[in-house]
Amino acid sequence: MKKSVITIAVAATVGLGTIFGGVSIKTEAESISSLKGEQNKIHDKRSSIKSDINQANDKINTLKDQQIDVKSEMKRLDFAIEDTITKIDDKSEKIKETKAEVAKLQAETKVIIERIKKRNVLLKERARTYQENGGMVNYLDVLMGSTSFSDFIDRANAVATIVQADQEIIKQHEADKEELAQKQAKVEKDLSSLQTMLADLKNMNQQLNQQKKEKDKLLASLKDQEEEAHEGMMELQEEEQLLAAQEAAIQKAIQMEKEAQARAAEEAKRRSTTSSNNGNNSGSQSNSTPNVSSGYWTQPAAGYLSSGFGGRGSEMHYGVDIANGNKVAIVAAASGVVSRSYYSSTYGNCIFVSHSINGQVYTTVYAHMTSRSVGSGASVKKGQKIGIMGNTGASHGQHLHFELHKGPWTMDKRYAINPVGIVPLP
Ligand SMILES: [Zn+2]
């Protein structure tokens, strides 16, 4: 309140023309409150970015946990696959053994069939002998033809022995055949059950491998998501750093303007009786650097306007492009404080400058430079060289991408304005 009174008093001494060497006096209370407003906005934005970063971190942690789960699931599948492979090998080995057994049985069968054949020959031979003597009837003849009782006994025994021997041969035949049939049935059953088991195992193995493939895909997608989350966080961190640096730069720019206003007021008091000299800096004409204009703003680079502000196809161009094929300097468009001087993957070598002009915060951005000659935190004067025009970052052809924001720089560039009519341009 007291300061406003002083300002009015000073203004009264010089009349209504309030320009002192390019510095206009506005009520300080007004300008400071509007600056405070800007700072609060940046503060809010910064805390919202911080919460975004926390959210991104949470997401990364969740994704990491999910990856751990998938990995342990994959480990389990690996063990299961290993187990089925062992079982498949085992069953395959057993099938091999069983097949060998089948082959052995087939050889045995051959032997038995051969034996049966030989016995049949023997039986037939014997049958033929009896038939020649009249078959079974001849047994009686044999017995009837006995000359004595002892002869009868001998003959009867002989007949019994022959009959019994024939019956033994037939019994053996049947036993051999039975045994063989049983063996074959058992081996065939074994083989078929082994083959079923092998098929089941192979099927299970296929399913496990399929599951593992799916888990692999899931893991890859989780990794992608985590990478994206990291990238998102990198951008957020870049924005956070930018806004934090900007906050400090704005405060410094405000301080600079206050000091300039105080100096101007002093000067005005001292020169209140003499006519004011606007003290323009009329620099010499040069190809590489434009003349420094009077007023608050000057042209940031020599060249031609290759692209204006506004819609460019489907995209919005938030600045103007000044192109030049020669090696040319980039200068500060107004006095201010460098908030950031760094390399960005999109802006390339870029510099952000905060300005306080009549209590209004402005931000200028100079992008795609070959090199930067001022660092973050530096105070720059209007027309001071800050770098060399280039083609770094997302740029096609050497040019300066210049942005003017009436307010702080924000990610959505909501304060970006067309510099035409404010900043001298080619
Ligand atoms: Zn551009």
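What follows is calculated from the coordinates using simple rules that are stated; it is not laboratory data. Quick caveat, the model's predicted, so the values are computed rather than measured. Methodologically, a virtual Cβ is constructed for each residue, glycine included, from the backbone with ideal geometry; neighbour enumeration extends over all protein chains shown.
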Using a Förster distance of 56 Å, the FRET efficiency for residue 171-residue 80 (Cβ separation, nearest 0.05): 0.55
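Divide, for the stretch 282-426, the radius of gyration over alpha carbons by 2.2 N^0.38 Å, where N is the residue count. Could you put the intermediate results ahead of the total?
Details: Rg = 13.7 Å, N = 145, 2.2 N^0.38 = 14.6 Å.
Here the answer is 0.94, to two decimals.
Report the full-extension gain for the segment residue 218 to residue 418: residue separation times 0.36 nm, less the Cα-Cα distance, to one decimal in nm.
Gain in length upon complete extension: 67.2 nm.
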Inverse of <1/r> over all distinct C-alpha pairs of the stretch 85-228, i.e. the Kirkwood Rh in Å, gives 21.5
Between residue 66 and residue 315, with labels modelled 7 Å along Cα→Cβ, what's the label distance in nm to one decimal, could you check? 3.1
Report, in listed order, any pair from 45/252; 104/202; 258/382; 94/118; 41/252 with a Cα-Cα distance greater than 25 Å. 104/202; 94/118
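Once the piece of chain linking residue 36 and residue 259 is laid out straight, how much longer is it, given 0.36 nm per residue of separation minus the C-alpha distance between them?
Values: separation 223, 0.36 × 223 = 80.28 nm, distance 1.75 nm.
In short, 78.5 nm is gained.
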